[in-house]
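Student: The structure is given below, and queries will be raised subsequently.
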Amino acid sequence: LVRLWGGTPSGIAVAVVGTAVGSPLWSYASTLFAEPLLALSLAGALALSVGAGRAAGRRAAALAAGAGLVAGWAVLTKGLALALVPFVLLPLVLDAPRPSRLRNAAAAAAGLVPTLGAWLALELARFGAPFTSYGGQGFTHPVLDGLWRLTVGPNKGLVLYFPLCVLGAVGSITQCFAQRG
């Protein structure tokens, strides 16, 4: 992604080291959680999307179909990823020249159909309807305490496993103010 967005070789190296050292991918890799596969699928779909948005012709269509297929795999990994699919596929229409936007969207949809179909079939077979999960299960923990524990708490909070998210948030805010001024 860094290369596709015009990054330098040193920027690419920083992104690789940052992902390895400061992201939850390494800490979750030793568990049997779905998050590493989900993150890989979403990042792959985004990279293919960006590539398709900048390519032309059959190459763009093939990359767009791949982006749809990989985004669908993310949904197969965890159904709630369906909410993220439009965002990772957005470069297909935002970065692409106007004439190829519809073709890119159609190719991505063609890639999405098999995996979303498989996800829907599994949801119906297991739970009877999509997004219903196991009946009777829900959150019983207080919301604010849970938010604290999941974000900055010392017991597996996001900041503990992904310290670069703080730097990324500060950098994003700084960049927004720098572009305005």
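The values are calculated or read from the model by the stated rules, or taken from the named source; none is laboratory data. Just so you know, these numbers come straight off a predicted model, no measurement behind them. As a convention, Cβ positions derive from the backbone with ideal geometry for all residues, glycine included, and neighbour counts pool all protein chains shown. Please note that ligands, DNA and RNA were not included when accessible areas were found on the heavy atoms of the full protein model with its side chains. Shrake-Rupley method; radii C 1.70, N 1.55, O 1.52, S 1.80 Å.
Student: Taking the range 35-61 only, how many residues are part of a loop (DSSP other than H, G, I, E, B), open to solvent by less than 30 Å² (accessible area, probe 1.4 Å) and touching a residue at least 40 places away in the same chain (Cβ under 8 Å)?
Tutor: Of the residues in the range 35-61, 0 are part of a loop (DSSP other than H, G, I, E, B), open to solvent by less than 30 Å² (accessible area, probe 1.4 Å) and touching a residue at least 40 places away in the same chain (Cβ under 8 Å).
Student: I would also like to ask the following. Any idea which of LEU164, LEU122 is over 15 Å from the mean Cα position of the chain (by Cα) and touching a residue at least 60 places away in the same chain (Cβ under 8 Å)?
Tutor: After ruling out the rest, the residue left standing is LEU164.
Student: Output yes when any residue across the range 156-178 is within 30 Å of ALA61 (Cα to Cα) and in contact with a helix residue (DSSP H, G or I) (Cβ under 7 Å, 6 or more places away or on another chain), and no when none is.
Tutor: no
Student: If you check every pair at least six apart or on different chains, which have Cβ atoms under 8 Å apart with a residue in the range 135-158 that is without any contact (Cβ under 8 Å) to a residue 40 or more places away in the chain and over 30 Å from LEU124 (Cβ atoms) first and a residue that is assigned to a helix (DSSP H, G or I) and hydroxyl-bearing (Ser, Thr, Tyr) second?
Tutor: Listed pairs, sorted by first residue: GLY157/THR151.
Student: Can you say whether LEU158 is open to solvent by less than 90 Å² (accessible area, probe 1.4 Å), modelled with pLDDT under 85 and among the aliphatic types (A, V, I, L, M), as far as the supplied structure shows? Lay out the reasoning, then the answer.
Tutor: Details: open to solvent by less than 90 Å² (accessible area, probe 1.4 Å): yes; modelled with pLDDT under 85: yes; among the aliphatic types (A, V, I, L, M): yes.
Yes.
Student: List the number of the failed condition for TYR28; all other conditions in (1) modelled with pLDDT of 75 or more; (2) crowded, with 17+ Cβ neighbours inside 10 Å hold.
Tutor: (1)
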